[in-house]
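This report refers to the structure that appears directly beneath it.
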Amino acid sequence: MKSNSCLHNRRFWVTAFLPAFVLTAFTMAHSQAVNVSTRNYNNQRTGANLSETILTTSNVNSSQFGKLFQNQVDDQVYAGLLYAAGLSIGGATRNVLYVATVNNTVYAFDADAAGAPLWQRNFNGAGRPTRNTEVGSACGAYRDFSGNIGIIGTPVIDASTNIMYFVTRTVEGSSTVQRLRAIDTRTGADRMSPVVISAPSFSPSLNNQ
């Protein structure tokens, strides 16, 4: 199970279950939105929201903090959940939660109410997600994950362009293929063509010996 914290004007947390997520909220006061566009808030991975001015260990309690709703997704969630405030989707301004699953599916949910996704997209194409038993053979059993291991890294959102970047992992034929993808956070449509990630071939030079 993985979890990630997000904040907006109702002070909410999202916990990713297998395979669902639960939204819990703190209902004290409204404040400026804090977007979560990468894992642990920032590129330093500190996990610290330095804009927090209200929440304390004393006021987050059972009378003011609790479950709002739970939505289902199609597989396990290992990637951190992301949050964008005030995004225009479908002709309306919404606060949006992004969830990526190990089945290579990305969801955009309304952060303020339970319900169907604003959009969702699966990136398996003609392939299928790689499974944990299909990698790690050189190091023995691969036990960090169970089942599918499609999208496991937390995506990154560039708020200036409304582009989300992430890596998918699929089995196509007999090979595992990893692709860097860039999609529109408002629609899920491709903003750039996927790029296959592969290691360059290496031939040591005799001159370097």
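The values are calculated or read from the model by the stated rules, or taken from the named source; none is laboratory data. Not measured: the values here are computed from a predicted model. Reconstructed Cβ throughout: ideal geometry from the backbone, glycine too, with neighbour counts over all protein chains shown. These accessible areas exclude ligands, DNA and RNA; they are computed on the full protein's heavy atoms, side chains included. Shrake-Rupley method; radii C 1.70, N 1.55, O 1.52, S 1.80 Å.
Below are the figures for this structure:
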{"quantity": "Kirkwood Rh in Å, taken over all unlike Cα pairs in region 34-119", "calculated": "14.8"}
{"quantity": "Principal axes of region 103-203: Cα extent on each, largest first, Å", "calculated": "47, 33, 23"}
{"quantity": "Average accessible area per residue (Å²) across region 58-173 - probe 1.4 Å, nucleic acids and ligands excluded", "calculated": "45"}
{"quantity": "Sequence ranges 192-199, 152-159, ranked by mean other-Cβ count within 10 angstrom, highest first", "calculated": "152-159, 192-199"}
{"quantity": "Three principal axis lengths of region 65-157 [C-alpha, angstrom, descending]", "calculated": "49, 36, 21"}
